[in-house]
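One structure is given below, encoded as structure tokens.
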Protein chains: 2
Amino acid sequence: MNGLLEVSIDGELRADGWPHDRSLQYGDGLFETMLVRQGRIRFEALHRARLAAGCARLAIHADALRIWASARAGAQRHPEALLKLQLSRGDAVARGYTAQGTEQARVIVSVFAPPSAAEIPARLRAVTLQARLGENPDLAGIKHCNRLEQVLARRGLQGSGAFEGLMASSSGLLVSGTMSNVFLELDGELVTPALQRCGVAGVMRAAALREAARAGMPVRVMDLPLQVLERCTALSLSNARLGLLPVHELDQRELVPSARLLAIAAALEPLDE
Amino acid sequence: MNGLLEVSIDGELRADGWPHDRSLQYGDGLFETMLVRQGRIRFEALHRARLAAGCARLAIHADALRIWASARAGAQRHPEALLKLQLSRGDAVARGYTAQGTEQARVIVSVFAPPSAAEIPARLRAVTLQARLGENPDLAGIKHCNRLEQVLARRGLQGSGAFEGLMASSSGLLVSGTMSNVFLELDGELVTPALQRCGVAGVMRAAALREAARAGMPVRVMDLPLQVLERCTALSLSNARLGLLPVHELDQRELVPSARLLAIAAALEPLDE
């Protein structure tokens, strides 16, 4: 890198590691967490579309064929797994925030043992967190690596015993859980927050919206003030790992799973694309 | 890491690099960019204080003695330099956002050639950017590694020929430049934005506030709507690399450097602590 005189890591002059990876420096990257079933990446097309949208938004130039070949190879070697794909803009070619456009994107595929049923409590509790999410339309929807808000939020959850924490944006709109999207039954209607200003457009959310429409149970995507959590009659959480899961207790209030959301979850379950 | 089956990097099963560094995954880290003069880190105490505040806020447990010994060693080897200290929470010990508290912080010190006068145009131009900064009091002030907003903002600047872009928060308050804090002369008064909701509490900003008070030219720290940029009579930018620099043209409007801000800059110049 231009003008670089030396690098030390943990006090030693060393040349290993990726000290100037821009994702490490600035969270300048994207990721996807995907389920692998029978050697196939579940909802691969939706994950690809979101990653491509993220690359376009951040102007990360990366070879999609190479990325997905790498992910598929991992899935083939571990047919039942959880797969995390990380894409960094790559090592900095110059100091400072400005991306030069000549960085070489770095693709990391980590394969984990599949989620076990034991990870999900039979009785799922969620709480509303005080911490808010910053609003930025330029970053909303994509799954980028600026995730300190989620890291802090998960910390806020520790000790509560809750499985998930629900969050509003700085202007008081319900956004999502710390690691999931939310579907509510509200005034007899199915709704989910719009994500124009903040939040991650989840792949399972997209799949659930699609299946809901197919099944004639459309979900309205709309701005929802955080207060709707006080009067919603049902709540489910979605993400690629969990599917679409009903919450049984929200802020110490009992919730009965929504028959419609359960039907959508059941319709989703066998699908892989 | 728990449940990890394999990692591939750019399509190869490899064990090098830091694929699970949490700063790379989530921007879960902090940094300081510091000037080294005559082998000493300029304003080291202020940098230390900000890094410590960041560690407290993010609950990153790191040995300050070890960190600063490492930075000082770099400064001694390169007595005139720009030094970047990066502190990652370290490699993930479990999948997901939750920090376990047992991560081993990673310290990276990169030493660069000192800034040259040629990097700073004689006539400094700034423009107001359309992009807004998300507001999050939990992250405001500290210099964390979630910097995609700045990366995108610098991209928005490209082609404009401007040296710096000024940014407002999502609620329309002036915050800072993409890489600097701002000082304004407004209605005859010196002012700088409050940074409770967003922005980085710059070390040069802190030093300038201190010197201004010492010199009997106090700067008011306050909420400022973005529109003050249309009527401020002078504007200076501050950061550790630049010092306190006057802007000559703001959004195609001529600005005359403020005598008081120039005096503060002159008072700052010889100081190292």
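The values are calculated or read from the model by the stated rules, or taken from the named source; none is laboratory data. Fair warning: this is a prediction, and the values are worked out from it, not measured in the lab. In this analysis, Cβ positions are derived from the backbone assuming ideal geometry, glycine residues included, and neighbour counts consider all displayed protein chains. Quick note on the areas: whole protein, heavy atoms, side chains included, nothing else; ligands and nucleic acids left out. Shrake-Rupley method; radii C 1.70, N 1.55, O 1.52, S 1.80 Å.
Over the range B:123-247, with the other protein chains present, what is the accessible area per residue in square angstrom, probe 1.4 angstrom? The partial results should precede the final answer.
On the way: 4250 Å² over 125 residues.
Here the per-residue accessible area is 34 Å².
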Practice item. For B:Val256 paired with B:Ala15, estimate the spin-label separation in nm (one decimal), with each label point 7 Å from Cα along the Cα-to-Cβ line. Key: 6.9
Review point. Along the charge dipole of the protein assembly as shown, Cβ charges K/R +1 and D/E -1, which of A:Leu190, A:Gly3, A:Cys232 sits furthest on the positive end?
Key: A:Gly3
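How many Cβ atoms of partner chains, on average, are near each residue of A:151-160 if near means within 10 Å of its Cβ? Don't skip to the answer; put the middle values down first.
On the way: counts 14, 9, 3, 4, 6, 1, 2, 4, 0, 0.
Mean partner-chain Cβ count within 10 Å for A:151-160: 4.
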Review point. Can you list, shortest first and in nm, the gaps between the label point of A:Ala117 and those of its counterparts in the other copies, using a point 7 Å from Cα in the C-beta direction?
Key: 7.5
Exercise for review: With a cut-off of at most 16 other beta carbons within 10 Å, and DSSP calling the residue loop, which trypsin sites (Lys or Arg not before Pro) in the range A:164-273 qualify? Please list them.
Suggested key: A:Arg231
**Study point:** Nm distances between copies for A:Ala213, ranked from closest, using label points 7 Å along Cα→Cβ
**Key:** 5.8
**Study point:** lysines whose Cα lies under 25 Å from that of A:Lys143, excluding same-chain neighbours fewer than 8 positions away
**Key:** A:Lys84, B:Lys143
Review point. From the label point of B:Val256, set 7 Å along Cα to the beta carbon, how far off in nm is each other copy's matching point, shortest first?
Key: 7.6
Point to revise | Equivalent-ellipsoid semi-axes of the range B:56-212, from the Cα gyration tensor, Å, largest first | key: 29, 22, 16
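Residue by residue through A:213-223, how many Cβ atoms from other chains fall within 10 Å of the Cβ on average? Please list the in-between numbers first.
On the way: counts 0, 0, 0, 0, 0, 0, 0, 0, 0, 0, 0.
So the per-residue partner count for this stretch is 0.
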Exercise for review: With a bin width of 10 angstrom, please list the P(r) values of the range A:67-117 as percents of all Cα-Cα pairs, from the 0 bin to the one holding the largest distance.
Suggested key: 24, 36, 24, 14, 2
Exercise for review: For the range A:201-231 and the range B:1-68, write down the distance between their C-alpha centroids in whole Å.
Suggested key: 38
Review point. Given labels modelled 7 Å from the Cα in the Cβ direction, how far is it in nm from B:Arg123 to A:Ala64?
Key: 4.5
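Given a Förster distance of 22 Å, report the FRET efficiency between B:Ala52 and B:Val93 from their Cβ-Cβ distance, rounded to the nearest 0.05.
Working: r = 23 Å, r/R0 = 1.06.
For R0 = 22 Å, the calculated efficiency reads 0.40.
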Practice item. Per DSSP H run of at least 4 residues, take -39500 (n - 2.57); add these up for chain B, divide by its residues and hand me the 222 nm value, nearest 500 deg cm²/dmol. Key: -7500 deg cm²/dmol
Point to revise | Kirkwood Rh in Å, taken over the protein assembly as shown so that all alpha-carbon pairs contribute | key: 24.5
Revision key, fill the gap. quick note, the range A:130-273, DSSP beta bridge pairs, % antiparallel (nearest 5) is 70
**Study point:** Student exercise, the protein assembly as shown dipole from Lys, Arg, Asp, Glu Cβ charges, in Debye to nearest 20
**Key:** 220
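Peptide A:129-135: average number of partner chain Cβ atoms within 10 Å per residue?
Values: counts 0, 1, 4, 6, 3, 15, 8.
The mean count of partner-chain Cβ atoms within 10 Å per residue comes to 5.
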**Study point:** Cα pair distances of the range A:75-160 binned at 10 Å [whole percent]
**Key:** 12, 26, 37, 21, 5, 0
Practice item. Mind checking which of B:Leu166, B:Leu262, B:Ser176 is farthest towards the positive end of chain B's charge dipole, using Cβ charges of +1 (Lys, Arg) and -1 (Asp, Glu) about the Cα centre? Key: B:Leu262
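So if R0 is 35 Å, what FRET efficiency would A:Thr102 and A:Ala215 give, r being the distance between their Cβ atoms, rounded to the nearest 0.05? Walk me through the numbers before you get to the answer.
Values: r = 48 Å, r/R0 = 1.37.
With a Förster radius of 35 Å, E is 0.15.
Order these peptides, B:44-57, A:26-39, by their mean beta-carbon neighbour count within 10 angstrom, highest first.
Values: B:44-57: 17.6, A:26-39: 22.5.
Highest mean packing first, the order is A:26-39, B:44-57.
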Review point. Using a ≥ b ≥ c from the Cα gyration tensor of chain B (square roots of the eigenvalues), is it rounded, prolate or oblate, where a/c under 1.5 gives rounded and otherwise the larger of a/b and b/c decides, a/b for prolate?
Key: prolate
